[in-house]
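Notes to accompany the following structure.
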Amino acid sequence: MKPGPGSPVPPGRGRGLAVHESFGSIVAYVAEVAVEEGQIRVHRVTAAIDCGICVNPLGVRAQVESGLAFGLGAALHSELTMKEGRVVESNFHDYRILRLHEMPRVDVHIVGSRERCGGAGEPGTPPIAPAVANAVFALTGQRLRRRRRLSLHRSLRSRCGKQGEHKESCNRGPGSKAHGDLPLASL
């Protein structure tokens, strides 16, 4: 089932939407996330791209998926720190990237178009962070705005429970109040 206005959101998950336009293409993501053991876990992303006339659909799908993976790794894990004017991280042992087991299920839909050809790789990177942040807001009521990395406030970690455990206090069901802009802490 495709995530959308008509499909139900599984318990303990939230969905968020983001749209981005660049390099002559428009990309939209719907991210489905959960908070498991205080960590944001992206389970599924449905992507749509209008890149004009699509000459190589398999290539476009691969570019969207790889742009999404790069953007998701940057949003959840990657951070460059500076010390005395130099980057501290030197390689993948101290610069965390998205691991294969963290990659969500991705469905890519290419919009049929007769417009001029646009890009396929770069436009897929920017919208994943806001889609995930919007999904976290839909699930918890917390806006993630203050840091480049998506992370959760300590108070949400205890309310959202462990993997597979669903707590009603993690969801913003009918009648619940949004938690506002809580300060973010590193995970």
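The values are calculated or read from the model by the stated rules, or taken from the named source; none is laboratory data. Just so we're clear, the structure is a prediction, and the values are computed from it rather than from any experiment. Cβ atoms come from the backbone with ideal geometry, glycine included; neighbour counts cover every protein chain shown.
Examine the range 81-93 for a residue that is surrounded by 13 or more Cβ atoms within 10 Å (Cβ to Cβ), modelled with pLDDT under 95, closer than 23 Å to Arg41 by Cβ and of a type in the set (Phe, Trp, Tyr), and state whether such a residue exists. Step through it out loud before you land on a result.
First pass over the range 81-93, keeping only residues surrounded by 13 or more Cβ atoms within 10 Å (Cβ to Cβ): 89.
Going one step further and asking which of them are modelled with pLDDT under 95, we end up with 89.
The next check asks that each one be closer than 23 Å to Arg41 by Cβ; those that pass are none.
Checked the range 81-93: no residue is surrounded by 13 or more Cβ atoms within 10 Å (Cβ to Cβ), modelled with pLDDT under 95, closer than 23 Å to Arg41 by Cβ and of a type in the set (Phe, Trp, Tyr).
Inspect all residues belonging to the range 87-101 and state whether any of them is touching a residue at least 60 places away in the same chain (Cβ under 8 Å) and touching a helix residue (DSSP H, G or I) at 6+ places or on another chain (Cβ under 6 Å).
Of the range 87-101, the ones touching a residue at least 60 places away in the same chain (Cβ under 8 Å) are none.
For the range 87-101, residues touching a residue at least 60 places away in the same chain (Cβ under 8 Å) and touching a helix residue (DSSP H, G or I) at 6+ places or on another chain (Cβ under 6 Å): absent.
Within the range 53-64, how many residues are more than 13 Å from His20 (Cβ to Cβ) and crowded, with 17+ Cβ neighbours inside 10 Å?
From the range 53-64, those more than 13 Å from His20 (Cβ to Cβ) are 53-63; that's our starting set.
Filter again for crowded, with 17+ Cβ neighbours inside 10 Å, leaving 54, 60-61, 63.
Counting residues in the range 53-64 that are more than 13 Å from His20 (Cβ to Cβ) and crowded, with 17+ Cβ neighbours inside 10 Å gives 4.
Being of a type in the set (Gly, Ala, Ser) and in contact with a Lys or Arg (Cβ under 9 Å, 6 or more places away or on another chain) narrows it down to one residue among Ala31, Ala69, Ala48; which is it?
Numbers: Ala69 fails: in contact with a Lys or Arg (Cβ under 9 Å, 6 or more places away or on another chain); Ala48 fails: in contact with a Lys or Arg (Cβ under 9 Å, 6 or more places away or on another chain).
Every option except Ala31 fails the conditions.
Pairs under 9 Å by beta carbon, first residue closer than 30 Å to Arg116 by Cβ in the range 33-52, partner of a type in the set (D, E, K, R) and assigned to a loop (DSSP other than H, G, I, E, B), six or more apart or different chains?
These pairs meet every condition: Thr46/Lys2; Asp50/Glu115; Cys51/Glu115; Gly52/Arg114; Gly52/Glu115; Gly52/Arg116.
Does the range 112-128 hold any residues that are farther than 13 Å from Phe23 by Cα and in a helix (DSSP H, G or I), and which are they?
Ile128 - this is the single residue of the range 112-128 that is farther than 13 Å from Phe23 by Cα and in a helix (DSSP H, G or I).
Of all strands (runs of 3 or more DSSP E) completely enclosed by the range 3-103, which ones contain at least 2 residues that are out of contact with any strand residue (DSSP E or B) (no Cβ under 7 Å at 6 or more places or on another chain) and either closer than 13 Å to Pro127 by Cβ or hydroxyl-bearing (Ser, Thr, Tyr) (or both)? Spell out how you get there, then give the answer.
Numbers: elements: 13-22, 25-36, 39-50.
Qualifying strands (runs of 3 or more DSSP E): 13-22.
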